[in-house]
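The values are calculated or read from the model by the stated rules, or taken from the named source; none is laboratory data. Because the structure is predicted, anything quoted here is derived from the model rather than measured. Please note: Cβ atoms are built from the backbone with ideal geometry, for glycine as well, and neighbour counts cover all protein chains shown.
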Amino acid sequence: MTLAAEGTYERNTTAVRTALLNIRKGEPQAVIMIGAYTPCAEFIKLAKQLKVNWKFVNISFVGAEALATALGDQGDGVIVTQVVPVPTDESIEAVKRYQAALKTLEGEHKPTFGSLEGYLAGRTAAAVLAKVDGQPTRAGFIDAVVKTGKFDLGGLTLQYGPDDNQGLDDVYLTVLQADGKYKSVTSLK
């Protein structure tokens, strides 16, 4: 693939108009956005005013729920890659356990990508600590991760090695729906 165009904006602003106009000159099919949810939402809204026919793709950094809220009724079809599965997908045992854990908390807590990621990080830390010999130390923790290698959290297997600290290597594609919820997809066609 060849990059059709590139646009940048000043951090901590929503000054995205120049970036949009620069990208429009390249006549792209899709725009991959890396930024906070407010400027990304502004960019998408402005692009839709110009009636461009682009696919908008964001990475998980954007904050999926915040982006959906900021876009309102203009978010239908926006793609967001995720580092965890959809937090309502109870076909995955780890997600089912996460949802059960949410129900034990006081107040109302809606499932979110960010809280699922935090839950999985906590479950991973607990699984590693269970493998540490003796009193937990930083070195002991790292040694337990490398020696154990694989951790099954319930349908999600994290894999580690001497030169691999990624854990979960999957990328989950999600598409924002008209109702403001994300749907998991396996293809962008």
**Request:** Examine segment 100-115 for a residue that is in the same structural domain as Lys181 (by TED's automatic domain parsing) and either under 30 Å from Ile142 (Cβ atoms) or under 14 Å from the mean Cα position of the chain (by Cα) (or both), and state whether such a residue exists.
**Result:** no
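For every residue, the table says whether it meets (1) closer than 21 Å to Glu90 by Cα; (2) in contact (Cβ under 8 Å) with a residue 60 or more places away in the chain; (3) out of contact with any Gly (no Cβ under 6 Å at 6 or more places or on another chain); (4) assigned by TED's automatic domain parsing to the domain that holds Gln74.
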{"position": "Ala121", "(1), (2), (3), (4)": "yes, no, yes, no"}
{"position": "Ala125", "(1), (2), (3), (4)": "no, no, yes, no"}
{"position": "Ala130", "(1), (2), (3), (4)": "no, no, yes, no"}
{"position": "Ala144", "(1), (2), (3), (4)": "no, no, yes, no"}
{"position": "Leu156", "(1), (2), (3), (4)": "yes, yes, yes, no"}
{"position": "Asp163", "(1), (2), (3), (4)": "no, no, yes, no"}
{"position": "Gln177", "(1), (2), (3), (4)": "yes, yes, yes, yes"}
{"position": "Gly180", "(1), (2), (3), (4)": "yes, yes, yes, yes"}
**Request:** Select from segment 119-136 the residues that are aliphatic (A, V, I, L, M) and outside any helix (DSSP H, G or I) and write down the one among them that is surrounded by the fewest Cβ atoms within 10 Å (Cβ to Cβ).
**Result:** Ala130
